[in-house]
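Structure first, commentary second.
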Amino acid sequence: MNISDVAKRTGLTSKAIRFYEEKGLVTAPARSENGYRSYDQKHLEELTLLRQARQVGFNLEECRELIGLFNNPQRHSADVKARTLQKVADIERHIEELKDMRQQLLALAESCPGDDGADCPIIDNLSGCCRRSQA
């Protein structure tokens with residue numbers, strides 16, 4: 001299978017596939033005499049795993065670990081589950097951080113008159129300064 005076939009079957013771009021190869025995230029494909037990459041079913045599975053893992057929030061290093069587990073017949077499902085639950089905890093922490101950011105932004109917006117005047121508590125707060133009206 002060539003790279004364009006793999007791209008169609010995995011939903012990845014050829015550029016993404018080459019990127020994952022450069023980073024050593026997938027098993028290196030065989031090369032034909034003319035230098036073209038040749039992929040097999042294992043590559044499809046690795047690349048599909050990568051695409052889907054990225055879609056649910058795993059970063060590249062976490063994907064590397066998942067690919068390692070995928071390729072390890074001695075893996076323990078407990079290890080995969082632990083990584084997945086850690087990702088869930090990371091996402092939950094990030095959601096809380098986003099909620100805090102939202103509240104801060106709403107409080108800033110509430111403090112601003114939103115009129116034609118130059119005084120803006122939002123800018124003052126974000127810049128760390130307090131403007132004093134010039135007389």
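Take the range 60-82 and flag every residue that is surrounded by 12 or more Cβ atoms within 10 Å (Cβ to Cβ) and under 15 Å from the mean Cα position of the chain (by Cα).
Leu60, Glu62, Cys63, Arg64, Glu65, Leu66
Determine, yes or no, whether Pro113 is over 20 Å from the mean Cα position of the chain (by Cα), loosely packed, with under 10 Cβ neighbours inside 10 Å and either among the charged types (D, E, K, R) or not assigned by TED's automatic domain parsing to the domain that holds Arg9 (or both).
When the stated conditions are applied, Pro113 passes them.
Can you tell me which residue among Leu98, Leu105, Leu50, Leu126 is aliphatic (A, V, I, L, M) and in contact with a Phe, Trp or Tyr (Cβ under 7 Å, 6 or more places away or on another chain)?
From the options Leu98, Leu105, Leu50, Leu126, the qualifying one is Leu50.
Within the range 30-45, does at least one residue satisfy the condition of being surrounded by 12 or more Cβ atoms within 10 Å (Cβ to Cβ), hydrophobic (A, V, I, L, M, F, W, C) and closer than 30 Å to His94 by Cβ?
no
Write out, first by first residue and then by second, each pair whose Cβ atoms fall under 8 Å of each other, whose residues are 6+ apart or on separate chains, and whose first residue, in the range 56-70, is over 18 Å from His43 (Cβ atoms) and touching a residue at least 24 places away in the same chain (Cβ under 8 Å) while the second is of a type in the set (Lys, Arg) and assigned to a helix (DSSP H, G or I).
Hits for this filter: Val56/Lys87; Gly57/Lys87; Phe58/Lys87; Glu62/Arg83; Glu62/Lys87.
Of the numbered conditions (1) closer than 30 Å to Ile122 by Cα; (2) in contact (Cβ under 8 Å) with a residue 12 or more places away in the chain; (3) of a type in the set (S, T, N, Q), Gln103 satisfies every one except a single condition; which is it?
In the conditions (1) closer than 30 Å to Ile122 by Cα; (2) in contact (Cβ under 8 Å) with a residue 12 or more places away in the chain; (3) of a type in the set (S, T, N, Q), Gln103 misses (2) alone.
The values are calculated or read from the model by the stated rules, or taken from the named source; none is laboratory data. Remember, predicted model here, so these are calculated numbers, not experimental data. Here the Cβ is made from the backbone with ideal geometry for all residues, glycine too, and neighbour counts use every protein chain on show.
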